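The values are calculated or read from the model by the stated rules, or taken from the named source; none is laboratory data. Treat the numbers as computed from the prediction; the structure is a model and nothing was measured. Glycine also receives a Cβ, built like all others from the backbone with ideal geometry; neighbour counts cover every protein chain displayed. Just so you know, the surface numbers come from the protein's heavy atoms only, side chains and all, with ligands and any DNA or RNA stripped out. Shrake-Rupley method; radii C 1.70, N 1.55, O 1.52, S 1.80 Å.
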Amino acid sequence: MVEEGGEEEAEGESAEMPAAPLQRFNGFLPGKEAAGGGEQPAPAAPAAPAAPEAPEAEAMLAAGGGRAEARLETRLSRRRLAVLAVFSCYSLVNAFQWIQYSILSNVFAGFYGVSFTQIDWLSMVYMVAYVPLILPATWLLDARGLRLTALLGAGLNALGAWLKCGSLAPQRYPLTLAAQAVCAVAQVFILGLPSRIASVWFGPTEVSTACAVAVLGNQLGTAIGFLLPPVLVPNTPNDIDLMAHNISIMFYGTAIVSTLLFFLAGVVFEEKPKYPPSHSQAVLQTKPPEDYSYKQSIINLFRNIPFILLLISYGIMTGAFYSVSTLLNQMIVTHYEGEEVNAGRIGLTLVVAGMVGSIICGLWLDYTKTYKQTTLIVYILSFIGLLVFTFTLDLGYLIVVFVTGGVLGFFMTGYLPLGFEFAVEITYPESEGTSSGLLNASAQIFGIVFTLVQGKLTTDYSPRAGNIFLCAWIFVGIILTALIKSDLRRHNVNSGIMNLDVKAVPVDSPVEPESTTLKIQSAL
């Protein structure tokens, strides 16, 4: 693996950062901190091997604000871009497989001879599978690591795609449901990775943008899922054989692409880069593995009131997006009969606008670190966007629906990476995969409930009734978001404001003199 700055690596330095010296440093030089700007800290032990490292340690002293502190060496790996690209691509295919049935709900209902509700379950199975499997999946991510989790996601995604190829007959709805369930399990190993990949592989000035790009891959898959299926599979109710042929093109193409991406994931993914990309990651790597407790991490998260508020508000917003995406075809064809292709294009507009919103929000967070303010503003604008979309849907002008759908998507979909990154900030040093997994579990639960209720209201009354139901819940989410206390722990560690000795389990044994649970460094 090629590393930037590899030419300057010290001879004999291993790929893994040594645990013992890092523990003693606890993110800083031995002796905690220097008494003065030019004074060198006393070594923690008089061991001879420490002497040659002293000049290098001195070189790492960060002089500023009248104090001296030494940070662990951090570097950015060139492989990080390949990891992000491959993950985004197979996340794209997984999202495409989620929405490909819903955007053609009338076509697949006719092909398989089932009701619209049964077709809706081909989307909702993603949400149903996620809830019971997210805790085992996040445990696996923490216990076995990023590489295995990524390979499971990519592999199951390919397996589900190939199983769909066997469901190309009108009486095989159970098989296509089973295949979609496999893809839904793959999603459990995909949705929680953006913030983990961003934190483990990217530096503090690009971490939010990287998370946004990782989420963008999933959004792009949804966008392509809105656009491509209506083009590949036009509604031909009088020619089932032609319909089966068109569906086969979509299914086999998806299977081939997802298989290729599985092999690429095996080549590209590694557990972590040779050097940590940020000080917060370097501090996390000082914690011995035996000190970590997944159970205690979950307990810590559920005791974190700001995270609980974010958990509910994120679930409301993302669940509303899932519901709108699933029922978009039904909403459009209710007012614009025979406009299946344009329904797909409106969905594409919604998601592409959201992709732009995600990148802009990611760049903005990296530049300003205003997590709560940005999240709250985007939440309010999403509420306004949904209100406008709701009351202009039946005006009879598709161009208006395109515009309002784009505005809605810009804010509603652009919110997704904001929630991930905000959660990582207020829950550090807990695992990014666990916090993201719980956020997604909340989104799936709300998504199931919202889709069922909105679908019922849309069928029995009108699309407006279903959308007003969502508006009421998003207003509740605005209130909850406003109550979140913004405690940017990861940012404080990266800035040198806070030195955290990371322990997920309370330690009963006496604390070593050079270790503190929480130490606020004076800015004076």
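Worth pointing out:
- Leading residue by the ranking (modelled with the highest pLDDT) among those in the stretch 465-500 that are more than 24 Å from Thr413 (Cβ to Cβ) and among the β-branched types (Val, Ile, Thr): Val493
- Checked against (1) under 21 Å from the mean Cα position of the chain (by Cα); (2) open to solvent by less than 10 Å² (accessible area, probe 1.4 Å); (3) among the small types (Gly, Ala, Ser), Gly155 passes all but condition (2).
- Scope the stretch 218-238; condition open to solvent by less than 70 Å² (accessible area, probe 1.4 Å) and either more than 25 Å from Ser358 (Cβ to Cβ) or without any contact (Cβ under 8 Å) to a residue 40 or more places away in the chain (or both); matching residues: Leu232, Val233, Pro234, Thr236
- Subset of the stretch 139-160 [in contact (Cβ under 8 Å) with a residue 60 or more places away in the chain, over 17 Å from Ser91 (Cα atoms) and assigned to a helix (DSSP H, G or I)]: Trp139, Asp142, Ala143
- Considering the conditions (1) of a type outside the set (Phe, Trp, Tyr); (2) under 19 Å from Val324 (Cα atoms); (3) within 19 Å of the chain's Cα centre (by Cα); (4) open to solvent by less than 20 Å² (accessible area, probe 1.4 Å), Ala137 is excluded by exactly one of them, (2).
- When residues in the stretch 201-250 are screened for being farther than 24 Å from Cys361 by Cα and assigned to a helix (DSSP H, G or I), 17 of them pass.
- Residue list for the stretch 300-334, filter: out of contact with any Asp or Glu (no Cβ under 7 Å at 6 or more places or on another chain), assigned to a helix (DSSP H, G or I) and either over 22 Å from Met127 (Cα atoms) or free of Cβ contacts under 8 Å to residues at least 12 places away in the same chain (or both): Phe302, Ile305, Ile308, Thr334
- The set of residues in the stretch 167-191 being modelled with pLDDT under 90 and more than 16 Å from the chain's Cα centre (by Cα) consists of Ser167, Leu168, Ala169, Pro170, Gln171, Arg172.
- The stretch 142-152, residues that are open to solvent by less than 10 Å² (accessible area, probe 1.4 Å) and on the phi < 0 side of the Ramachandran plot: Leu146, Thr149, Ala150
- Here the condition is being closer than 26 Å to Ser462 by Cβ, open to solvent by 40 Å² or more (accessible area, probe 1.4 Å) and touching a residue at least 60 places away in the same chain (Cβ under 8 Å); of Gly396, Gly354, it holds for Gly396 alone.
- The residue of the stretch 440-487 that is surrounded by the fewest Cβ atoms within 10 Å (Cβ to Cβ), among those that are of a type in the set (Lys, Arg) and in a helix (DSSP H, G or I), is Lys456.
- The stretch 239-262 - residue that is of a type in the set (Gly, Ala, Ser) and surrounded by 18 or more Cβ atoms within 10 Å (Cβ to Cβ) and, of those, farthest from Met412 (Cα to Cα): Ala255
- Scanning the stretch 131-158 for residues that are over 17 Å from Phe263 (Cβ atoms) and hydrophobic (A, V, I, L, M, F, W, C) yields Val131, Leu133, Ile134, Leu135, Ala137, Trp139, Leu140, Leu141, Ala143, Leu146.
- Taken over the stretch 299-320, the criterion of being open to solvent by 10 Å² or more (accessible area, probe 1.4 Å) and touching a Leu at 6+ places or on another chain (Cβ under 8 Å) is satisfied by Leu309, Leu311, Ile312.
- The stretch 105-130, subset in a helix (DSSP H, G or I), open to solvent by 40 Å² or more (accessible area, probe 1.4 Å) and free of Cβ contacts under 8 Å to residues at least 60 places away in the same chain, residue nearest to Asn235 (Cα to Cα): Gln118
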